[in-house]
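Student: Take this structure, written in structure tokens, and hold onto it; I'll ask about it next.
The values are calculated or read from the model by the stated rules, or taken from the named source; none is laboratory data. Quick caveat, the model's predicted, so the values are computed rather than measured. Please note: Cβ atoms are built from the backbone with ideal geometry, for glycine as well, and neighbour counts cover all protein chains shown. Accessible surface areas use protein heavy atoms only, side chains included; no ligands, DNA or RNA. Shrake-Rupley method; radii C 1.70, N 1.55, O 1.52, S 1.80 Å.
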Amino acid sequence: LARRTGATADLALRSGPHAVIVAGGSVTPKVGLRRPLHSTALGKVLLAWPRPGEAGTQSLPPLRAFTDRTIVDRERLAEELERVRAQRYALNDGESALGVRTVAVPVLDNLGSARCALAVRGTPDLIAGDRVEWFLEQARACAGALEVLLLPPSQRSTAAAA
């Protein structure tokens with residue numbers, strides 16, 4: 001995905017109030033990178049499609065601002081998660097660091113839960129507004145392949161099984 005897009009590609013799992021990047025350009029092979037769920041595209045995906053037993057936004061610690069664009073209001077975050085579910089992707093446009101734009105998509109299971117989140121990250125010049133859809137197409141294709149690689153057939157979403 002990174003080679004195809006020229007962006008950094010990351011794969012993350014949820015661990016409590018964090019998205020833990022376990023593979024990709026943001027981590028070394030033996031160390032994951034923890035990022036708050038509310039301020040990242042990966043985290044918003046993991047919040048939008050929770051796994052059974054995972055707590056919602058009410059369980060998050062106070063929502064800390066990393067930039068003036070970070071969502072720190074829980075009601076606004078809930079509205080953002082509705083938009084994420086409706087559009088089937090999350091966007092982080094300078095919410096965790098200025099000058100960084102990320103689009104993320106879920107790797108869904110048969111329960112409609114995000115087993116993990118996949119993102120492409122770059123500058124706003126690279127992931128320009130008129131190219132977001134192309135980046136999403138690439139990420140969604142990769143997420144579909146990851147679903148087949150990571151989940152047994154009985155746990156795959158109907159979209160991947162079709």
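Student: Given the C-alpha centroids of the stretch 5-78 and the stretch 108-150, what is the distance between them in whole angstrom?
Tutor: Rounded to whole Å, the Cα centres lie 15 Å apart.
Student: From the residues SER26, LEU60, ALA41, which one has its Cα farthest along the dipole of the stretch 1-79 in the positive direction, the dipole being from +1 and -1 charges on Cβ of Lys/Arg and Asp/Glu about the Cα centre?
Tutor: Comparing the listed Cα positions along the dipole, SER26 ranks first.
Student: Answer rounded, prolate or oblate for the stretch 1-54, using the Cα gyration tensor with square roots of eigenvalues a ≥ b ≥ c: rounded when a/c is under 1.5, else prolate when a/b is larger than b/c, else oblate.
Tutor: prolate
Student: So what's the Cα pair-distance distribution over the chain, bin width 5 Å, in %?
Tutor: Histogram of Cα-Cα distances, whole percents per bin: 2, 10, 19, 23, 23, 14, 7, 2, 0.
Student: While we're here: Given a 1.4 Å probe and the protein chains all in place, what does the accessible area of THR5 round to, in Å² to the nearest 10?
Tutor: Here the accessible area works out near 10 Å².
Student: Summing Lys, Arg as +1 and Asp, Glu as -1, what charge do residues with Cβ under 10 Å from the Cβ of ALA117 carry, ALA117 excluded?
Tutor: Its environment carries a net charge of +2.
Student: Given only helices, namely DSSP H runs of n ≥ 4 each adding -39500 (n - 2.57), what is the per-residue ellipticity at 222 nm of the chain, to the nearest 500 deg cm²/dmol?
Tutor: Using -39500 (n - 2.57) per qualifying helix, the result is -9000 deg cm²/dmol.
Student: What percent do you get for the relative contact order of the chain when only Cα pairs under 8 Å and 6+ apart count?
Tutor: 22 percent
Student: Roll a 1.4 Å probe over the protein chains and send me the accessible area per residue for the chain in Å².
Tutor: 51 Å²
Student: State whether the stretch 98-152 is rounded, prolate or oblate according to the following rule on the C-alpha gyration tensor (a ≥ b ≥ c being the square roots of its eigenvalues): a/c under 1.5 gives rounded; otherwise a/b larger than b/c gives prolate, and the remaining case gives oblate.
Tutor: Prolate, because a/c is 1.5 or more and a/b exceeds b/c.
Student: Any chance you could run the full-extension gain for ASP125 through ARG3? It's 0.36 nm times the residue separation minus the Cα-Cα distance, nm to one decimal.
Tutor: Contour length minus Cα-Cα distance gives 42.2 nm.
Student: Expressed in whole Å with the largest first, what are the equivalent ellipsoid semi-axes of the stretch 55-145 derived from the C-alpha gyration tensor as the square root of 5 times each eigenvalue?
Tutor: Values for the stretch 55-145, descending: 22, 20, 10 Å.
Student: Which listed residue (PRO152, LEU98, PHE135) has the Cα farthest towards the positive end of the charge dipole for the stretch 60-162, taking +1 on Lys and Arg C-beta and -1 on Asp and Glu C-beta about the Cα centre?
Tutor: Working it through, the farthest residue towards the positive pole turns out to be PRO152.
Student: Would you tell me the accessible area of VAL100, worked out with a 1.4 angstrom probe on the heavy atoms of the protein chains, in Å² to the nearest 10?
Tutor: In the full protein context, VAL100 sits at about 40 Å².
Student: Rounded, prolate or oblate: pick one for the stretch 57-107, where a ≥ b ≥ c are the square roots of the eigenvalues of its C-alpha gyration tensor, a/c under 1.5 means rounded, and failing that, prolate if a/b is larger than b/c, else oblate.
Tutor: oblate
Student: Here is a follow-up. Summing +1 for each Lys or Arg and -1 for each Asp or Glu, what net charge is found among the other residues whose Cβ lies under 11 Å from the Cβ of PRO36?
Tutor: +3
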